[in-house]
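S.K.: Got a structure for you, written out below as structure tokens; questions coming shortly.
The values are calculated or read from the model by the stated rules, or taken from the named source; none is laboratory data. Keep in mind that what you see is a predicted model, and the values were worked out from it rather than measured. Please note: Cβ atoms are built from the backbone with ideal geometry, for glycine as well, and neighbour counts cover all protein chains shown. Ligands, DNA and RNA are stripped out before the accessible areas are found, and what is left, the full protein with its side chains, is counted by its heavy atoms. Shrake-Rupley method; radii C 1.70, N 1.55, O 1.52, S 1.80 Å.
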Number of protein chains: 2
Amino acid sequence: MTQTDTVSRILDAAEVLFAERGFTETSLRTITSTAGVNLAAVNYHFGSKKELIQAVFERFLTPFTETLAAELDRRVAAGEALEVEELLDALFRGGVAGLAAKGRDPQRFMRLLGMAYTQHQGHLRRYIVSRYGDSYRRFAGLLSRALPGIDPVTFYWRLYFMLGATIFTLSSFDAIDAILREDFDAQSSLPETLDRLVLAAAAMLRADSGD
Amino acid sequence: MTQTDTVSRILDAAEVLFAERGFTETSLRTITSTAGVNLAAVNYHFGSKKELIQAVFERFLTPFTETLAAELDRRVAAGEALEVEELLDALFRGGVAGLAAKGRDPQRFMRLLGMAYTQHQGHLRRYIVSRYGDSYRRFAGLLSRALPGIDPVTFYWRLYFMLGATIFTLSSFDAIDAILREDFDAQSSLPETLDRLVLAAAAMLRADSGD
DNA sequence: GCAAAATCAAAACAAGCGTTTTAATTGTTG
DNA sequence: CAACAATTAAAACGCTTGTTTTGATTTTGC
């Protein structure tokens with residue numbers, strides 16, 4: 001078993017288990033036995049559990065931000081003014097597609113992202129902001145330009161409304177879809193849900209606030 | 001120190017600590033030492049940590065659902081058809097006011113609610129659904145009647161979008177407001193944010209889905 | 001093919017966890 | 001006031017946690 005094998009086997013197992021149960025509820029023993037490696041391998045290769053958690057995020061964040069940046073570049077280069085729907089599409093579809101292309105499950109990414117915000121892991125929030133900050137600011141800038149005349153504070157809060165709707169819905173996608181199947185005898189695919197999300201978020205962002 | 005003292009001191013401490021750090025990250029020793037009571041008191045009065053967690057939620061859910069029901073009764077009795085904004089207002093302001101009236105911090109409730117969804121506590125989700133289910137169904141029924149012609153599946157998803165935006169935003173209200181203060185030199189009160197939320201959610205719910 | 005470095009494996013470590021047990025103390029009731 | 005029940009207190013139990021240590025085993029570079 002080569003080094004890269006062990007490292008990526010640990011990352012694979014940790015990613016799945018963290019997304020299922022959270023960080024504290026997942027022990028290193030569960031991770032290493034799932035991965036089929038020795039317990040000490042985590043501390044050897046990553047240093048600590050904290051650093052393992054960050055490494056799991058790194059593997060998601062890199063392709064996500066790269067594809068988003070490329071998507072934005074492409075559309076900005078095309079010249080025409082960017083519409084709200086177009087930007088949200090670049091964010092949702094572009095980001096998701098970028099993850100899928102690298103073999104990373106987008107829903108799992110959303111679950112982990114939600115946990116990073118909820119689970120009181122200070123180091124993780126700081127790490128994500130430092131890694132995410134530029135992408136976020138660029139996207140927010142383009143989006144606000146597509147909403148001329150919007151009050152900055154209103155815009156600021158609506159961005160968080162959208163972030164909350166996205167993270168919450170996608171991180172619980174399977175559970176929500178299961179209830180849908182039971183109650184309505186219908187079901188939704190992830191792309192369908194992203195379509196609905198783009199549409200709903202755009203309407204929300206454009207709502208007349210009367211100020 | 002009377003019994004009710006010990007019990008409510010434990011609940012008070014647990015509520016604050018759970019909302020700050022999550023359930024697993026908060027030990028019974030931290031709770032009891034914060035509350036100034038003996039470690040064994042939790043297991044004596046509540047049985048187990050799980051049951052303590054549920055008791056903390058019980059103290060929130062009861063006033064919340066009761067005030068919401070009363071608000072809905074009042075408006076339904078008034079006769080006129082209920083508008084989307086009116087219903088959302090009953091939910092947000094009514095529910096929040098009901099908590100505040102009983103001395104329970106609404107933001108803390110939202111943080112705990114978010115954790116119940118994210119933290120992989122199966123027993124909690126089941127408990128909340130059984131305690132919350134009727135209120136939820138009644139509210140959803142009234143809301144869908146205020147949105148004539150909406151596709152049921154679209155409505156279903158948008159309800160979750162709204163739930164996500166609400167839980168996420170309000171549970172991180174302080175953190176978001178802190179960034180706002182730093183970047184914009186502005187700040188928002190909770191009532192202001194609820195106003196924005198009602199407005200944004202209503203626009204989202206009413207968005208034309210073209211089907 | 002040998003020496004050095006990197007990796008793996010097993011065991012032990014100290015600390016923290018939820019819970020239980022036992023005893024002392026308080027409050028209540030006849 | 002005595003007797004009983006309810007509550008508090010202190011200590012210990014068994015278990016799990018993240019991390020470290022110690023050797024064995026590969027892999028790598030010359």
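S.K.: Take the residues of segment B:21-57 that are under 21 Å from A:MET115 (Cα atoms) and touching a Ser or Thr at 6+ places or on another chain (Cβ under 8 Å): which is surrounded by the most Cβ atoms within 10 Å (Cβ to Cβ)?
M.R.: B:GLY22
S.K.: In segment B:189-211, how many are at the interface with chain A (Cβ under 7 Å from one of its Cβ atoms) and among the small types (Gly, Ala, Ser)?
M.R.: 4
S.K.: Being outside any helix (DSSP H, G or I) and modelled with pLDDT of 95 or more, is that true of even one residue in segment A:42-61?
M.R.: Yes, segment A:42-61 contains a residue that is outside any helix (DSSP H, G or I) and modelled with pLDDT of 95 or more.
S.K.: Find the residue count for segment A:135-179, including only residues that are away from chain B (no Cβ under 11 Å), without any contact (Cβ under 8 Å) to a residue 24 or more places away in the chain and assigned to a helix (DSSP H, G or I).
M.R.: Of the residues in segment A:135-179, 4 are away from chain B (no Cβ under 11 Å), without any contact (Cβ under 8 Å) to a residue 24 or more places away in the chain and assigned to a helix (DSSP H, G or I).
S.K.: If I go through segment B:1-40 residue by residue, how many of them are within 14 Å of another protein chain (Cβ to nearest Cβ), small (Gly, Ala, Ser) and assigned to a helix (DSSP H, G or I)?
M.R.: So in segment B:1-40, the residues within 14 Å of another protein chain (Cβ to nearest Cβ) come out as B:16-27, B:30.
Adding the requirement that they be small (Gly, Ala, Ser) leaves B:19, B:22, B:27.
Remaining after also requiring assigned to a helix (DSSP H, G or I): B:19.
Of the residues in segment B:1-40, 1 are within 14 Å of another protein chain (Cβ to nearest Cβ), small (Gly, Ala, Ser) and assigned to a helix (DSSP H, G or I).
S.K.: Report whether or not B:LEU91 is assigned by TED's automatic domain parsing to the domain that holds B:ALA200 and surrounded by 20 or more Cβ atoms within 10 Å (Cβ to Cβ). Walk me through it before giving the result.
M.R.: Working: assigned by TED's automatic domain parsing to the domain that holds B:ALA200: yes; surrounded by 20 or more Cβ atoms within 10 Å (Cβ to Cβ): yes.
Against the criterion (assigned by TED's automatic domain parsing to the domain that holds B:ALA200 and surrounded by 20 or more Cβ atoms within 10 Å (Cβ to Cβ)), B:LEU91 qualifies.
S.K.: Residue check, B:ASP12 against (1) within 16 Å of DNA strand D (Cβ to nearest atom); (2) within 22 Å of the chain's Cα centre (by Cα); (3) in contact (Cβ under 8 Å) with a residue 24 or more places away in the chain, all met but one. Which one?
M.R.: (3)
S.K.: Another one. Sort out which residues of segment B:94-123 are of a type in the set (Gly, Ala, Ser) and either open to solvent by 30 Å² or more (accessible area, probe 1.4 Å) or over 23 Å from B:PHE155 (Cα atoms) (or both), and write them in order of number. Quick ask: steps written out before the conclusion?
M.R.: Taking segment B:94-123 first, the residues of a type in the set (Gly, Ala, Ser) are B:94-95, B:97-98, B:100-101, B:103, B:114, B:116, B:122.
Hits for segment B:94-123 are B:ALA97, B:GLY98, B:ALA100, B:ALA101, B:GLY103, B:ALA116, B:GLY122.
S.K.: Another one. Quickly run through segment B:15-37 and pick out the residues that are on the phi < 0 side of the Ramachandran plot, within 14 Å of DNA strand D (Cβ to nearest atom) and of a type in the set (Gly, Ala, Ser).
M.R.: B:SER27, B:SER33, B:ALA35
S.K.: Hey, another quick one. Check segment B:167-181 and report whether any residue there is over 19 Å from A:ALA116 (Cα atoms) and assigned by TED's automatic domain parsing to the domain that holds B:ARG59.
M.R.: yes
S.K.: Given the conditions (1) part of a helix (DSSP H, G or I); (2) away from DNA strand D (no atom under 16 Å from the Cβ); (3) surrounded by fewer than 20 Cβ atoms within 10 Å (Cβ to Cβ); (4) of a type in the set (D, E, K, R), report the number of the one that B:GLU71 does not fulfil.
M.R.: That leaves (3) as the condition not met.
S.K.: Taking only pairs six or more apart or across chains, which ones have beta-carbon atoms under 9 Å, a first residue in segment B:32-50 that is in the same structural domain as B:PHE18 (by TED's automatic domain parsing) and touching a residue at least 60 places away in the same chain (Cβ under 8 Å), and a second residue that is among the charged types (D, E, K, R) and within 10 Å of DNA strand D (Cβ to nearest atom)?
M.R.: Pairs that qualify, where the first residue is in the same structural domain as B:PHE18 (by TED's automatic domain parsing) and touching a residue at least 60 places away in the same chain (Cβ under 8 Å) and the partner is among the charged types (D, E, K, R) and within 10 Å of DNA strand D (Cβ to nearest atom): there are none.
S.K.: Moving on to the next point. Conditions: (1) open to solvent by less than 50 Å² (accessible area, probe 1.4 Å); (2) over 16 Å from the mean Cα position of the chain (by Cα); (3) at pLDDT below 90. B:ALA201 meets all but one. Number of the miss?
M.R.: It is condition (3) that B:ALA201 fails.
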